[in-house]
Amino acid sequence: MDKKSVFTGRSLCVIDDFTIEERKHLFTEVRKLKTAMQENNLPVMESYRIDDKDFGIYEVFLEDSTRTKESFRNAANFHHVKVSELNSDSSSFNKGESYADTFNTLSGYSNSVFIIRSKVEGVCRWLEDECSAYAQRNKLWRKPAFINAGDGKHEHPTQELLDEFTFLEDNNWKTDSIHVALVGDLYHGRTVHSKASGLKLFDTVKVDLIAPVELAMPETYVLKMRENGFEVRIFSSLEEYLAQKDIADKWYFTRPQLERMGDRILQRQEQLRSAITFKRSYMPLLKEGTKFYHPLPRHKVTPTIPTYLDDTSLNGWERQSINGMYVRIILLALIGGKIGQTFVPEQKIVDQERAEYIFEVDLTQMPLREKVVSEGVTPIHNGLVIDHICRGDSPSVIRDHMRLISSVLGLDEDKGGEWVSSGHKGEDSFKGIIFRPDAPDLTRKNLKRLAAVAPGCTLNIIRDGKIEKKYRLHMPPRIYNFDDLACTNEACISYPQQNEGVPAHFTRNKENLFACSYCEKTHSFKEIWQSRNK
Ligand code: CP
């Protein structure tokens with residue numbers, strides 16, 4: 001364990017925390033271990049064991065579980081390490097203790113890996129930062145790693161790993177293409193949400209989403225799949241799906257979580273279940289070699305994969321569940337630093353988060369024409385002019401947004417005004433202009449706020465009738481450090497009413513939407529500011 005690997009001490013909060021080549025490396029090791037365990041090849045099994053009684057692995061399950069909890073417990077026991085479990089019913093969570101205080105405390109007792117299941121989304125990402133700072137403050141010898149064992153409706157990355165491993169087994173280890181039908185409760189099912197990124201493992205991906213509208217995949221995951229280049233088709237029932245000819249050879253069922261959906265839905269539960277339950281009459285319509293999968297559990301009274309299919313070649317779900325332990329043994333071996341030293345990543349991680357977005361214009365290089373303040377604004381002698389606001393939006397939208405900008409920057413009590421103008425060249429598109437005579441310069445923090453609330457604008461600082469400074473503000477790569485902002489997802493660890501003291505933090509994605517860094521809910525920059533607490 002001397003040479004450190006890139007996996008040592010890493011957290012797995014979402015499936016994308018491990019790159020595709022890292023996951024492929026993990027699967028290669030799982031395959032070797034699975035063979036060794038099936039053949040009882042003790043020397044090979046031994047080569048994977050952490051074998052350190054002081055290496056602490058802690059399970060904290062705040063929601064029910066059989067497979068994830070017990071396969072992790074058995075995987076941890078395989079390693080001959082210290083395995084603990086927090087009894088949440090009798091813990092100080094019940095006295096109102098925060099996640100941060102609870103996990104900081106446990107990490108002080110020589111624990112290196114935490115496996116957490118919770119209703120609250122983004123918990124592991126938050127704790128990764130928080131417990132790292134605690135470890136440093138208290139000179140702990142190792143900062144802990146966090147494994148997300150399912151957080152609300154968000155992700156279940158270790159289930160995704162074992163699903164991918166099982167798909168690979170049935171794909172002859174080829175990653176060139178996959179055609180998979182996701183069937184069931186795609187709205188609540190975190191295992192299918194992880195597939196929006198997880199299936200990137202395959203070069204060509206075709207996904208058929210089969211669910212009645214009440215249980216449909218949230219739009220944000222459908223968009224993510226399409227952004228990732230997947231071909232996505234949507235069907236409201238198995239009957240509708242089987243009425244066409246292009247049928248997947250892999251079917252991934254999920255449990256309907258109707259109990260979460262209120263009385264109106266419960267009245268229709270039979271109809272909803274029927275739309276996603278396999279029936280004998282469908283059998284002749286299946287392709288040869290078809291496999292069914294299910295993260296399980298299935299309901300003993302109303303299973304969507306009937307039990308009479310257990311003893312057929314369709315059954316992929318039992319092997320899938322068994323693979324869970326092998327996958328989790330290898331994951332712990334990698335994070336624990338026992339293996340992974342031979343892996344050399346080819347993919348470079350690009351840090352786009354530090355990109356500059358506030359640009360001061362060199363006024364000596366600027367054409368004279370541009371030094372003129374826009375139409376409609378009486379040139380002011382001293383103060384601020386914010387120009388090019390919401391270019392292209394309608395005048396009413398621009399006016400609403402200018403009121404918001406003024407409030408966000410604390411300019412409401414200053415003199416001056418707002419103006420909607422057409423551009424220099426008299427084109428059709430409109431833009432907003434805010435002018436504030438005699439206002440002082442913006443602080444650096446307010447410049448950042450302006451970039452985040454009015455990306456694409458320019459800020460002119462006017463002194464003695466001339467532009468003294470000019471900034472062009474682009475959309476920032478991150479929005480954070482503003483106390484009045486919050487994620488809009490009530491289940492997110494950073495949602496103010498969770499009372500966990502987690503500041504909002506958003507990261508811009510390729511579509512220029514801002515994803516919460518904890519629960520990944522996406523927001524436009526306008527949505528972020530419209531929901532702010534004043
Ligand atoms: N697949 C899965 O997460 O099962 P459990 O809820 O039993 O852990």
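Summary value for the chain: 14 percent relative contact order, contacts being C-alpha pairs under 8 angstrom separated by 6+ residues. Its Cα gyration tensor gives the chain an equivalent ellipsoid. The semi-axes, each the square root of 5 times an eigenvalue, are 48, 29, 22 Å from largest down.
Are there trypsin sites (Lys or Arg not before Pro) in region 432-492 that DSSP marks as loop and that have at most 10 other Cβ atoms within 10 Å, and which are they?
On the way: sites: R444, K445, K448, R449, R463, K466, K469, K470, R472, R478; in loops: none.
Counting only loop positions with at most 10 other Cβ atoms within 10 Å, none of the trypsin sites (Lys or Arg not before Pro) in region 432-492 qualifies.
Can you say what percent of the DSSP beta bridges in the chain, counting only those with both residues inside, are antiparallel? Round to 5. Once the DSSP bridges in the chain are tallied, antiparallel ones form about 50 percent. Go ahead and collect, in residue order, the members of region 482-510 whose backbone nitrogen is under 16 Å from a label point 7 Å along the Cα-Cβ direction of T443. 482-485, by backbone N distance to the label point. Once the Cα atoms are used to define both axes, helix 317-335 deviates from the longest principal axis of the chain by about 60 degrees. Residues whose amide H comes within less than 5 Å of that of Y293, counting only those at least five positions distant or on another chain, are W251, Y252, F253 (H built at 1.01 Å from N in the peptide plane).
Take the Cβ-Cβ distance between S110 and E63 as r, set R0 to 22 Å, and report the resulting FRET efficiency rounded to the nearest 0.05.
On the way: r = 26 Å, r/R0 = 1.20.
According to the calculation, E is roughly 0.25.
Comparing region 171-315 with the 2.2 N^0.38 Å rule of thumb, its C-alpha radius of gyration ratio is 1.01 (two decimals).
So what is the relative contact order of region 358-476, in percent, for Cα pairs below 8 Å that sit 6 or more residues apart?
38
The stretch between N315 and E85, if pulled fully straight at 0.36 nm per residue, gains 79.6 nm over its current Cα-Cα span. Exposure here means at most 16 other Cβ atoms within 10 Å; with GluC sites (Glu not before Pro) in a DSSP loop as sites, the longest stretch of the chain lacking them is 98-287.
Between the helical axis of 67-78 and the dominant principal axis of the chain, each derived from Cα atoms, what acute angle in degrees is found, rounded to the nearest 10? The helix 67-78 is inclined about 70 degrees to the chain.
Provide the FRET efficiency to the nearest 0.05 for the S281-T28 pair, computing r from the beta carbons and using R0 = 35 Å. Mind showing how you got there, number by number?
Details: r = 41 Å, r/R0 = 1.18.
Taking R0 as 35 Å, the efficiency between S281 and T28 is 0.25.
Sorted on the mean count of surrounding Cβ atoms within 10 Å across their residues, most packed first, peptides 87-93, 435-441 read 435-441, 87-93.
Excluding same-chain residues fewer than 8 positions from K415, which aspartates and glutamates have a Cα within less than 16 Å of its Cα? Result set, ordered by chain and number: D438, D441.
Only sites in a loop by DSSP and with at most 13 other Cβ atoms within 10 Å count here; which trypsin sites (Lys or Arg not before Pro) in region 140-246 make the cut?
On the way: sites: R142, K153, K174, R190, K195, K200, K206, K224, R226, R233, K245; in loops: R142, K153, K174, K245.
Taking region 140-246 and a limit of 13 other Cβ atoms within 10 Å, the loop trypsin sites (Lys or Arg not before Pro) found are K174, K245.
Among the trypsin sites (Lys or Arg not before Pro) in region 51-118, none sits in a DSSP loop with a Cβ that has at most 15 other Cβ atoms within 10 Å.
In this label model, Q244 and D412 are separated by 5.1 nm, measuring between points 7 Å along each Cα→Cβ vector. Of T158, T522, the order by accessible heavy-atom surface (1.4 Å probe, DNA, RNA and ligands excluded), from most exposed downward, is T522, T158.
The length gained on full extension between S177 and M366, counted as 0.36 nm times the residue separation minus their Cα-Cα distance, comes to 62.8 nm.
Panel note: the C-alpha atoms of region 283-330, placed on their principal axes, show extents of 39, 28, 14 Å (largest first). Helix 20-38 axis versus longest C-alpha principal axis of the chain: approximately 10°, rounded to the nearest ten. With r defined as the distance between the Cβ atoms of E468 and I234 and R0 fixed at 60 Å, what FRET efficiency is calculated, to the nearest 0.05? Efficiency, rounded to the nearest 0.05: 0.60. Remark: relative contact order (region 171-315) = 25 percent; criterion is Cα-Cα distance under 8 angstrom and separation of 6 or more residues.
With the largest listed first and rounded to whole Å, the semi-axes of the equivalent ellipsoid of region 358-476 from the Cα gyration tensor are 18, 17, 15. With a simple spin-label model that places each label point 7 Å from the Cα along the Cα-to-Cβ direction, the separation between I358 and D263 comes to 5.4 nm.
The distance between label points at L42 and R226 comes to 5.8 nm (points 7 Å beyond Cα on the Cα→Cβ vector).
The values are calculated or read from the model by the stated rules, or taken from the named source; none is laboratory data. Quick caveat: nothing in here was measured; it's all calculated off a predicted structure. All Cβ positions, glycine included, derive from the backbone under ideal geometry; neighbour counts span all protein chains shown. The protein model used for the area step is the full one, side chains on, heavy atoms only, and it has no ligands, DNA or RNA in it. Shrake-Rupley method; radii C 1.70, N 1.55, O 1.52, S 1.80 Å.
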